[in-house]
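Peer 1: Structure below; questions to follow.
The values are calculated or read from the model by the stated rules, or taken from the named source; none is laboratory data. These numbers come from a predicted model, not from an experiment. FYI the Cβ positions are ideal-geometry reconstructions off the backbone, even for glycines, and counts take in every protein chain you see. Keep in mind that these areas ignore ligands, DNA and RNA; they rest on the heavy atoms of the full protein, side chains included. Shrake-Rupley method; radii C 1.70, N 1.55, O 1.52, S 1.80 Å.
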Amino acid sequence: MIYFDHSSTTSVRPEVSNVYSQLLAQQYGNPDSLHALGRKAHALLEKSRENIAKMLHVLPGEILFTGCASESNSLAIIGYALANRNRGNHILVSNVEHPSVMHSMEWLKQFGFEIEYLPINSNGIVTPSLVKERIRKDTILVSTMHVNNEMGAINPVKEISEVVHSIPTCVYHVDCVQSFTKIDVPFECMDLATISAHKIHGLKGSALLMKKKKVKLMPLIQGGQQEQGLRGGTENAPSNIVLSKTIRLALEEKEEVYKRVSKINQYIREELSKIKGAHINSKEDAIPYILNISFDQITSEVLLNALDQRGICVSAKSTCSSHQKNYSSTLVAMGYSEKIATHMIRLSFGKDNTMEEASIFIKTCKEILNQYGLSL
């Protein structure tokens, strides 16, 4: 099997699963319990928080463990809006965010919040100039992805943050799920940032929200003192403890993996340029881990299924939207034709992919086009 769908999820590293299994068997105490087993679990959990904070160059108290990136996004957006509505009710968000962000924004509308959607440009990014044009004195929150999950476009988050912070009562939330451990993430310019473990060869059901000390949130999950009173419920100590190791391992090989996937990305780009009817939709300056392509001769669904039958895993648009409308709203928002948007597939690469797999992919695509593709 060839797995080119790492933006959807990744395999769990053996080192991570081994430690996790040991923790499940040995450190099963409730971190809030006062007996020895509970105190040990608490100590390990807080050590993990401390280690993660050092790697992100933030304070330990600015790391909140959550159950998934969708929860982190929801807590950041809804939690901040409800806790700070006395400051204003205007929120800016890009028009191509993850469903957890978009649904949170829609949910806030019923409480009187004014949600304004920022269009991306033809390169797939939100420009700082547009944020500057739309931001107001009553804007309390701006939310964008760092890296677009369909195209790999990289938002200029440092420049956007400068505009956001020109309004003293406004904060900047960034969904870093597709960028963390792949490119540098400037957490120092973000007030809230979302990270997911299962995108970096960690556990599903494990994520965090980086929340700067000054930021006030309202809890969405009631019921206890856990996570500074912002996430009630017994803490998932084994998952939270092993997240530190997951992040460390990913950061240690960051440069090596970046070089490897860059070569794979460039090879596929070069080979596709030789195929009639092929389009490379991701821009040259996109993150190399994501490559969005299409063929005039064949629709997304047919191509995806044909590749699947041959043991090659890819996606058509974002996985969290894969069962909805049959075209990519991101490509349409960038100005691509509906034909391109209904014929695209997303390749997303990881640390274990090889040039041989890339070669097999190109060969297989040619075979599928000959068998299923319409004549041009």
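Peer 1: Of all residues in segment 1-41, which are in contact with a Pro (Cβ under 7 Å, 6 or more places away or on another chain), in contact (Cβ under 8 Å) with a residue 60 or more places away in the chain and not hydrophobic (A, V, I, L, M, F, W, C)?
Peer 2: Kept after step one, since they are in contact with a Pro (Cβ under 7 Å, 6 or more places away or on another chain), are these residues of segment 1-41: 20, 23-24, 27, 38, 41.
Still in the running and in contact (Cβ under 8 Å) with a residue 60 or more places away in the chain: 20, 23-24, 27, 41.
Once the filter is applied, which keeps residues that are in contact with a Pro (Cβ under 7 Å, 6 or more places away or on another chain), in contact (Cβ under 8 Å) with a residue 60 or more places away in the chain and not hydrophobic (A, V, I, L, M, F, W, C), segment 1-41 yields Tyr20, Gln27.
Peer 1: Among the residues of segment 178-194, are any open to solvent by 30 Å² or more (accessible area, probe 1.4 Å), closer than 15 Å to Glu62 by Cβ and in contact (Cβ under 8 Å) with a residue 24 or more places away in the chain?
Peer 2: yes
Peer 1: Is it the case that some residue within segment 213-223 is buried (at least 24 other Cβ atoms within 10 Å of the Cβ) and touching a helix residue (DSSP H, G or I) at 6+ places or on another chain (Cβ under 8 Å)?
Peer 2: Checked against the condition, which is being buried (at least 24 other Cβ atoms within 10 Å of the Cβ) and touching a helix residue (DSSP H, G or I) at 6+ places or on another chain (Cβ under 8 Å), segment 213-223 yields no hits at all.
Peer 1: I would also like to ask the following. Restrict the check to segment 134-143 and report whether at least one residue is out of contact with any strand residue (DSSP E or B) (no Cβ under 8 Å at 6 or more places or on another chain) and part of a helix (DSSP H, G or I). Write out each step before concluding.
Peer 2: If we filter segment 134-143 for residues that are out of contact with any strand residue (DSSP E or B) (no Cβ under 8 Å at 6 or more places or on another chain), which is where we start, we get 137.
Those left that are additionally part of a helix (DSSP H, G or I): none.
No: zero hits.
Peer 1: Let me ask another. Run down Glu284, Glu235 and say which single residue is part of a loop (DSSP other than H, G, I, E, B), within 30 Å of Leu37 (Cα to Cα) and out of contact with any His (no Cβ under 6 Å at 6 or more places or on another chain).
Peer 2: On the way: Glu284 fails: within 30 Å of Leu37 (Cα to Cα).
When all the criteria are applied, what remains is Glu235.
Peer 1: So, one more: Could you look through segment 240-268, keep only residues that are open to solvent by less than 20 Å² (accessible area, probe 1.4 Å) and under 19 Å from the mean Cα position of the chain (by Cα), and pick out the one that is farthest from Asn30 (Cα to Cα)?
Peer 2: Initial filter on segment 240-268 (open to solvent by less than 20 Å² (accessible area, probe 1.4 Å)): 240, 242-244, 246-247, 250, 257, 261, 264-265, 268.
Now narrow it down to the ones that are under 19 Å from the mean Cα position of the chain (by Cα): 240, 243-244, 246-247, 250, 257, 261.
Values: Asn240: 13, Leu243: 18, Ser244: 19, Thr246: 22, Ile247: 24, Ala250: 28, Val257: 37, Val261: 41 Å.
The extreme case among them is Val261.
Peer 1: Exactly one condition in (1) open to solvent by 10 Å² or more (accessible area, probe 1.4 Å); (2) outside any helix (DSSP H, G or I) is false for Phe65; which is it?
Peer 2: (1)
Matching residues to (1) open to solvent by 40 Å² or more (accessible area, probe 1.4 Å); (2) among the β-branched types (Val, Ile, Thr); (3) not in a loop (DSSP other than H, G, I, E, B):
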residue: Ser7; (1), (2), (3): no, no, no
residue: Tyr20; (1), (2), (3): yes, no, yes
residue: Ser33; (1), (2), (3): no, no, no
residue: Ala41; (1), (2), (3): no, no, yes
residue: Leu44; (1), (2), (3): yes, no, yes
residue: Ser72; (1), (2), (3): no, no, yes
residue: Leu92; (1), (2), (3): no, no, yes
residue: Val96; (1), (2), (3): no, yes, no
residue: Ser104; (1), (2), (3): no, no, yes
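Peer 1: Within segment 106-133, count every residue that is part of a strand (DSSP E or B) and open to solvent by 40 Å² or more (accessible area, probe 1.4 Å).
Peer 2: So in segment 106-133, the residues part of a strand (DSSP E or B) come out as 114-118.
From the residues that got through so far, the ones that are open to solvent by 40 Å² or more (accessible area, probe 1.4 Å) too are 114, 116-117.
Of the residues in that region, 3 qualify.
Peer 1: Which of the residues belonging to segment 327-376 are open to solvent by 60 Å² or more (accessible area, probe 1.4 Å) and basic (Lys, Arg)?
Peer 2: Lys339, Lys363, Lys366
Peer 1: When you scan segment 290-303, do you find a residue that is of a type in the set (Gly, Ala, Ser), under 23 Å from Ile125 (Cβ atoms) and buried (at least 19 other Cβ atoms within 10 Å of the Cβ), even just one? Before you say what the answer is, go through the steps one by one.
Peer 2: Step one: of segment 290-303, the residues of a type in the set (Gly, Ala, Ser) are 294, 300.
The next check asks that each one be under 23 Å from Ile125 (Cβ atoms); those that pass are 294.
Then drop every residue that is not buried (at least 19 other Cβ atoms within 10 Å of the Cβ), which leaves 294.
Looking through segment 290-303, at least one residue is of a type in the set (Gly, Ala, Ser), under 23 Å from Ile125 (Cβ atoms) and buried (at least 19 other Cβ atoms within 10 Å of the Cβ).
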